[in-house]
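Below is one structure, written out as structure tokens; the observations come after it.
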Amino acid sequence: MSIGPLSTALWRASVLFALGVLAQPSSDAQAGQGVTAPSAERSEEILRMVRQDCGSCHGMTMKGGLGPALTPAALQSRPADSLVATILHGRPGTAMPPWQNFLSADEAAWIVQQLQRGLPDAR
Amino acid sequence: MLARLALTGFALIALAACASREVSPAPGGDAGVVIERATGSVQVLDPARRAAVGRITGLGDLSHAAVVYSKDARYAYVFGRDGGLTKVDLAAQKAVARTVQAGNSIGGAISRDGKLVAVANYEPGGVKIFDAQTLTLLSEVPSTYGTQGQRAKVVGIADAPNDRFVFSLFEPGEIWIVDAADPRHPTVRKFENVGKEPYDGLITPDGRWYIAGLFGEDGLVLLDMRNPDAGPKRILNGYGRGTEKLPVYKMPHLRGWAMAGGYAFLPAIGRHEVLVVDATSWQQVGAIPVHGQPVFVMARPDGGQVWVNFAFPGNDTVQVIDVAALKVVESLKPGRAVLHMEFTTTGDEVWISARDDDRVVVYDTATFARLAELPARSPSGIFFTWRAQKMGL
């Protein structure tokens, strides 16, 4: 996919930028990805979007629907940056739409981290 | 009668519990359910009183759910995302049978004689046929295609005449008709290469036409269930005329149909349009510009109006198309994340679920006045029991 490297570069740039501005939350340090968590309020909003709107195709519990499952097991072997690119730009030729009008690169990276760890239980 | 019996919910529960025999609604009893998608529950509705009269829990993952009714409208068959199929007794307000029959399902149908329930499954792909009374598994039809033994996701299942079910296969683009006259030994008739990625299907209210919508290309597929030998034929081919599609944030739903004034109203994929097709010639009549990408396009029972809701991010709005004028005449904001609309038997009212505001809103369809609001937890589909007497629902 031709957009992959560009979005990866953008993502890295924005993550580096974010790191420069904000202190990295310690809970994310173990993943070693330098992903910055959004504010508590925005996190809640994003998780709701993931469950409800991503869930339209991937299932509210991420076990899959018309779109594939997004459980930790399903995503285990997938590189985070390609998943971030998929969220931001969609996958042409499939039903996966781009979400870049609704999510920043940082937020997409945070979503990937949450999905790979397993979504928190809160509703 | 159900409504009246349920008027004092305590009395009903007491009666059901003490007498250990179940209370029957009168034939044609007016009731319904609303799915509470995040909590795996349904509320039992009394449309005449604009009230919820009870809640039934433990129905599994209802993040996507569908409901069909027994012919006497007493039992609701609830199809959940997790492959759960639950038979709910609306009179006794409890689940009376339940099976988790697959890993991932999209919906189901009930045979026209009410004896068989068929479930459309994504994982493992195929259709399973159950005895409607006991939910005993009678047979399975795997949706195997190609040469590698893959199984397709099954979408758009509907009842067809003579104990048949019709459905589509998403990946290979096929329509299959299963004849379940002998439900333990069903036979399958396949139509291959009908179009790219059928995402849902419907049976018209007269029970005759099966229409599958395509995601992968602009167009729909029409199959005459009275004469399937004629084969599937393409309608509304290339309706977008080569213009770029918008990204699709939620698949439209075709079931619920909108046949009105001699037209069929259908959602365009990736466009802010409702397509209008002549229901006799199946030629396109026009395309009505609307607020967003349509999800449900549903005709009021008298055919005078068509109501439309929309995909994210336009999902706070519902629009009303006047069928005579073929244009939008009203826009409403029932709440955040409108997921479904259901007309009452006569269409005087429409009930609308607003997921993110945890409420069901009731509108007068003549005046557009807001008549009532009912609290519900993340409500999605609303299903009234008039569906029990309809084909294709």
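Considering each of A:Met62, A:Met49 in turn, give the residue that is in a loop (DSSP other than H, G, I, E, B) and either within 14 Å of the chain's Cα centre (by Cα) or of a type in the set (Asp, Glu) (or both).
Unique residue meeting the criteria: A:Met62.
Considering A:Pro68, A:Pro120, which residue is more than 14 Å from chain B (Cβ to nearest Cβ) and of a type outside the set (A, V, I, L, M)? Let's see the steps before the verdict.
Details: A:Pro68 fails: more than 14 Å from chain B (Cβ to nearest Cβ).
Among A:Pro68, A:Pro120, only A:Pro120 is more than 14 Å from chain B (Cβ to nearest Cβ) and of a type outside the set (A, V, I, L, M).
Is there a residue being farther than 30 Å from B:Arg74 by Cα and either within 13 Å of another protein chain (Cβ to nearest Cβ) or of a type in the set (S, T, N, Q) (or both) anywhere in the stretch B:294-303? So far as the stretch B:294-303 goes, no, none of its residues is farther than 30 Å from B:Arg74 by Cα and either within 13 Å of another protein chain (Cβ to nearest Cβ) or of a type in the set (S, T, N, Q) (or both).
Taken over the stretch B:143-163, the criterion of being part of a loop (DSSP other than H, G, I, E, B) and in contact (Cβ under 8 Å) with a residue 12 or more places away in the chain is satisfied by B:Ser143, B:Gly146, B:Ala152, B:Lys153, B:Pro161, B:Asn162, B:Asp163.
Just name the residue that is surrounded by the fewest Cβ atoms within 10 Å (Cβ to Cβ) out of those in the stretch B:243-257 that are of a type outside the set (A, V, I, L, M, F, W, C) and either at pLDDT 90 or above or in contact with a Phe, Trp or Tyr (Cβ under 6 Å, 6 or more places away or on another chain) (or both).
Of the stretch B:243-257, the ones of a type outside the set (A, V, I, L, M, F, W, C) are B:243-245, B:247, B:249-250, B:252-253, B:255-256.
This time we only want the ones that are either at pLDDT 90 or above or in contact with a Phe, Trp or Tyr (Cβ under 6 Å, 6 or more places away or on another chain) (or both), so: B:247, B:249-250, B:252-253, B:256.
Numbers: B:Pro247: 14, B:Tyr249: 24, B:Lys250: 20, B:Pro252: 22, B:His253: 23, B:Gly256: 20.
Once the filter is applied, the top-ranked residue is B:Pro247.
Of the residues making up the stretch B:78-123, those that are out of contact with any Leu (no Cβ under 6 Å at 6 or more places or on another chain) and hydroxyl-bearing (Ser, Thr, Tyr) are B:Ser105, B:Ser111, B:Tyr122.
Yes or no, residue by residue, for (1) surrounded by fewer than 24 Cβ atoms within 10 Å (Cβ to Cβ); (2) within 14 Å of chain A (Cβ to nearest Cβ); (3) within 18 Å of the chain's Cα centre (by Cα):
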residue	(1), (2), (3)
B:Met259	yes, no, yes
B:Glu273	yes, no, no
B:Pro313	yes, yes, no
B:Thr317	yes, no, no
B:Val320	yes, no, no
B:Ala324	yes, no, no
B:Lys333	yes, no, no
B:Trp351	no, no, yes
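Residue selection: B:Tyr249 fails the criterion of being of a type in the set (Phe, Trp, Tyr), over 23 Å from the mean Cα position of the chain (by Cα) and farther than 15 Å from B:Gly173 by Cα.
Where residues in the stretch B:122-139 are assigned to a strand (DSSP E or B) and surrounded by fewer than 16 Cβ atoms within 10 Å (Cβ to Cβ), which of them is farthest from the other protein chains (Cβ to nearest Cβ)? Walk me through it before giving the result.
Within the stretch B:122-139, the first condition is being assigned to a strand (DSSP E or B), and the residues that meet it are B:122-123, B:125-131, B:137-139.
Still in the list and also surrounded by fewer than 16 Cβ atoms within 10 Å (Cβ to Cβ): B:131, B:137.
On the way: B:Asp131: 27, B:Leu137: 22 Å.
Looking at the filtered set, the residue picked out is B:Asp131.
Of the residues making up the stretch A:74-99, those that are more than 10 Å from every other protein chain (Cβ to nearest Cβ) and either among the polar types (S, T, N, Q) or in contact with a Cys (Cβ under 7 Å, 6 or more places away or on another chain) (or both) number 4.
Given the structure, is A:Ser56 part of a loop (DSSP other than H, G, I, E, B) and out of contact with any helix residue (DSSP H, G or I) (no Cβ under 9 Å at 6 or more places or on another chain)?
When the stated conditions are applied, A:Ser56 does not pass them.
Residues in the stretch A:65-84 that are in contact with a helix residue (DSSP H, G or I) (Cβ under 6 Å, 6 or more places away or on another chain) and part of a loop (DSSP other than H, G, I, E, B) were compared, and the one that is nearest to B:Ala152 (Cα to Cα) is A:Leu66. Restricting attention to the stretch B:171-185 and to residues that are assigned to a loop (DSSP other than H, G, I, E, B) and within 20 Å of B:Gly107 (Cβ to Cβ), the residue that is nearest to the other protein chains (Cβ to nearest Cβ) turns out to be B:Glu171.
Listed here are the residues, each with its yes/no results for (1) free of Cβ contacts under 8 Å to residues at least 40 places away in the same chain; (2) farther than 30 Å from A:Pro92 by Cα; (3) crowded, with 16+ Cβ neighbours inside 10 Å; (4) under 22 Å from the mean Cα position of the chain (by Cα).
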position	(1), (2), (3), (4)
B:Thr187	yes, yes, no, no
B:Gly201	no, no, yes, yes
B:Arg208	yes, yes, yes, yes
B:Ala212	no, no, yes, yes
B:Val221	no, no, yes, yes
B:Asp229	yes, yes, no, no
B:Ile235	no, no, yes, yes
B:Gly238	yes, no, no, no
B:Arg241	yes, no, no, no
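In the set (1) over 22 Å from B:Ala279 (Cα atoms); (2) at pLDDT below 95, the condition left unmet by B:Gly207 is number (1). With respect to being outside any loop (DSSP other than H, G, I, E, B) and within 14 Å of another protein chain (Cβ to nearest Cβ), B:Ser168 fits the description.
The values are calculated or read from the model by the stated rules, or taken from the named source; none is laboratory data. The shown structure was predicted, so the numbers you read here are calculated from the model rather than taken from an experiment. Positions of Cβ are generated from backbone atoms using ideal geometry, with glycine treated the same way; all protein chains shown enter the neighbour counts.
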